[in-house]
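See below for the structure under consideration.
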Amino acid sequence: MKNFDRKNHWENIYQTKELNTVSWYQPVPQTSIDLILEANVSKDAKIIDVGGGDSFLVDHLLRLGFSDVTVLDISSKAIEKAKVRLGENAAKVKWLVADASNFDSDEKYDFWHDRAAFHFFANKKEVVNYVQNANRLTAKVAHLAIGTFSENGSLKCSGIEIQQYSEGSLSNVFSQYFEKQKCFKIDHQTPSGSIQNFVFCTFLKK
């Protein structure tokens, strides 16, 4: 898609679809919650949910007592929906409308979480930019958790071709700056009942 406008595409998705109908819908994103808790970061750790949109992860992190959470998404509509859902609690969250492969921040994050955003970057330059950004915008001691479609997962999502990853290829992409801790695969059932296979890898900054 030579002239593909990623931002407009996602604004349209969030403008026209209800949250409980999209394939990534998870009322309780248990895998993501578990990975953050397993890292044993402090409750005031700086956590960023990259491509978080109107995911419920931020709701659960606030309930668990985490006090410095940032949600980044390319879609302002997604952020707007999440703010409405959270109500008064929205003021406790930092919101960024930006492309995950090319954004800046004054923060240095302790935990970088990305479930199902990274695999949309099929262009090599965008992948390199993303990894360099993750290195530049994380603290000296930092955790990463990245979840993508596996080599057994979908080839497209929301009309966009994605980049599949194996445990090896996902860990290799980040290996210059981050040391792999573990990788595993997990099935996600969409609201329509189909199964999507994901690979998750966790990393520590070198």
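Details
- Overall form of the range 93-206 per C-alpha gyration tensor (a/c, 1.5; a/b vs b/c): prolate
- Summarised as an ellipsoid, the range 67-127 has semi-axes of 23, 14, 10 Å, derived from the eigenvalues of the Cα gyration tensor scaled by 5 and square-rooted, with the largest first.
- No disulfide-compatible partner, judged by a Cβ distance under 4.7 Å, exists for the following cysteines of the chain: 157.
- Scanning residues 5 or more positions from residue 137 or on other chains, none has an amide H under 5 Å from its amide H, with H placed 1.01 Å from N in the peptide plane.
- Relative to the Cα centre, the charge distribution of the chain, modelled as +1 at Lys and Arg Cβ and -1 at Asp and Glu Cβ, gives a dipole magnitude of about 260 debye.
- Too-long pairs where the Cα-Cα distance tops 27 Å, listed order kept, from 43/205; 156/205; 43/81; 17/182; 17/156: 156/205; 17/182
- Estimated FRET transfer efficiency when R0 is 22 angstrom, pair residue 125-residue 161 (beta carbons, to 0.05): 0.85
Coordinate-derived values only; no laboratory data. Note that the structure is a prediction, hence the values are computed from the model and not measured. Neighbour counts are summed over all protein chains in view; Cβ atoms, including those assigned to glycine, are modelled from backbone coordinates with ideal geometry.
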